[in-house]
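What follows is one structure encoded as structure tokens, with my remarks underneath.
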Amino acid sequence: MKLTGTTVLVTGGTRGIGREMTRQLIGLGAHVVAVGRTPGPLAALRAEYGDQVSTETVDLGDRDAVDTFGDALPDRHPALSVVINNAGVQHLNDFLTADPRETRTVLRRELAVNLDAVISLSTGLLPHLSRRPDAAIVNITSGLAIVPKPSAPVYCAAKSAVRTFTRSLRYQCEDGAPHIRVIDAVLPLVDTDMTRGRGRGKISPAVAAHAVIEGIRRDRAEIYVGKARLLPSLMRLSPSLGYRVLRHG
């Protein structure tokens, strides 16, 4: 898929992987619509990239705000042809010791950002994308969607659900709107604010963003990045080993 001259929506576009995708897409000649929750980082993007970037302040944990934003987006950015659902939040939880009354709101917000917003934007923008000559929806998931870890059950469940949703939506588009590519980008552990102090062997946001963008350009339906490339083979050969590695790793 040609990205030069396209308009690309990037949620979570002010930090980590999203900011790197914004930078690299602009470098390829795309116009980026970057979505963030707070005005300050969005203003910094505008200061750095000028009219190569448009910014939208949206709380992706607010379902009504997401729906309103998605409904208005085609009128605000009629050339939009690529949607990258990148934003994500992860909370560590031990349900055996946590007070459910204290964690319930946090967990529901985690689901709203990681799952509900992805489904709302993907489906809400389909009528617009169907009218574009070439389009793509790219959902950023994780190796944890395939092999979960015990400390983040809600995050793992949400990413697994996004993978299933993405595959089902791809089937629908292949049958009814084949010019809309629906892509699942499966990432390994990336060195971002969300993963600070966790794990080893992380890849940089720049490496992750480059791999995703190259996968889009090469029309890959599934983009496995870094160590996540090992997961399909590992889970075919020995699912119990895959689960054991993440459970104790």
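Computed values, structure above
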| read-out | value |
| --- | --- |
| Condition check for I146: within 25 Å of L246 (Cα to Cα) and buried (at least 19 other Cβ atoms within 10 Å of the Cβ) | yes |
| Failed item in (1) under 17 Å from the mean Cα position of the chain (by Cα); (2) open to solvent by 30 Å² or more (accessible area, probe 1.4 Å), with A34 passing the rest | (2) |
| Within the range 24-50, tally of residues that are in contact (Cβ under 8 Å) with a residue 60 or more places away in the chain and in a helix (DSSP H, G or I) | 2 |
| Selected residue [surrounded by 15 or more Cβ atoms within 10 Å (Cβ to Cβ), of a type in the set (D, E, K, R) and farther than 27 Å from G5 by Cα] from R181, R163, R244, R236 | R163 |
| Some residue of the range 222-245 being among the aromatic types (F, W, Y) and modelled with pLDDT of 90 or more | yes |
| Residue within the range 88-105 that is within 21 Å of L169 (Cα to Cα), in contact (Cβ under 8 Å) with a residue 40 or more places away in the chain and either crowded, with 20+ Cβ neighbours inside 10 Å or not polar (S, T, N, Q) (or both) present | yes |
| Test: residue in the range 211-228 that is among the small types (G, A, S) and open to solvent by 30 Å² or more (accessible area, probe 1.4 Å) | yes |
| Yes/no for T141 being open to solvent by less than 20 Å² (accessible area, probe 1.4 Å), out of contact with any Ser or Thr (no Cβ under 6 Å at 6 or more places or on another chain) and outside any helix (DSSP H, G or I) | yes |
| Some residue of the range 187-210 being charged (D, E, K, R) and crowded, with 16+ Cβ neighbours inside 10 Å | yes |
| Subset of the range 45-75 [exposed (fewer than 14 other Cβ atoms within 10 Å of the Cβ) and either in contact with a strand residue (DSSP E or B) (Cβ under 6 Å, 6 or more places away or on another chain) or over 27 Å from L111 (Cβ atoms) (or both)] | A47, E48, G50, D51, D75 |
| Total residues in the range 234-248, condition over 13 Å from L144 (Cα atoms) and hydrophobic (A, V, I, L, M, F, W, C) | 3 |
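Let's see how each residue does on (1) among the aliphatic types (A, V, I, L, M); (2) within 19 Å of the chain's Cα centre (by Cα); (3) assigned to a helix (DSSP H, G or I):
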{"position": "A72", "(1), (2), (3)": "yes, no, yes"}
{"position": "V83", "(1), (2), (3)": "yes, yes, no"}
{"position": "A98", "(1), (2), (3)": "yes, no, no"}
{"position": "E102", "(1), (2), (3)": "no, no, yes"}
{"position": "D116", "(1), (2), (3)": "no, yes, yes"}
{"position": "I137", "(1), (2), (3)": "yes, yes, no"}
{"position": "K159", "(1), (2), (3)": "no, yes, yes"}
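The values are calculated or read from the model by the stated rules, or taken from the named source; none is laboratory data. Predicted model, so just to flag it, every value in this text is computed and none were measured. Cβ: placed from backbone, ideal geometry, glycine included. Neighbour counts: every protein chain shown. Each accessible area value is taken on the protein alone, full model and side chains, heavy atoms only, with ligands, DNA and RNA left out. Shrake-Rupley method; radii C 1.70, N 1.55, O 1.52, S 1.80 Å.
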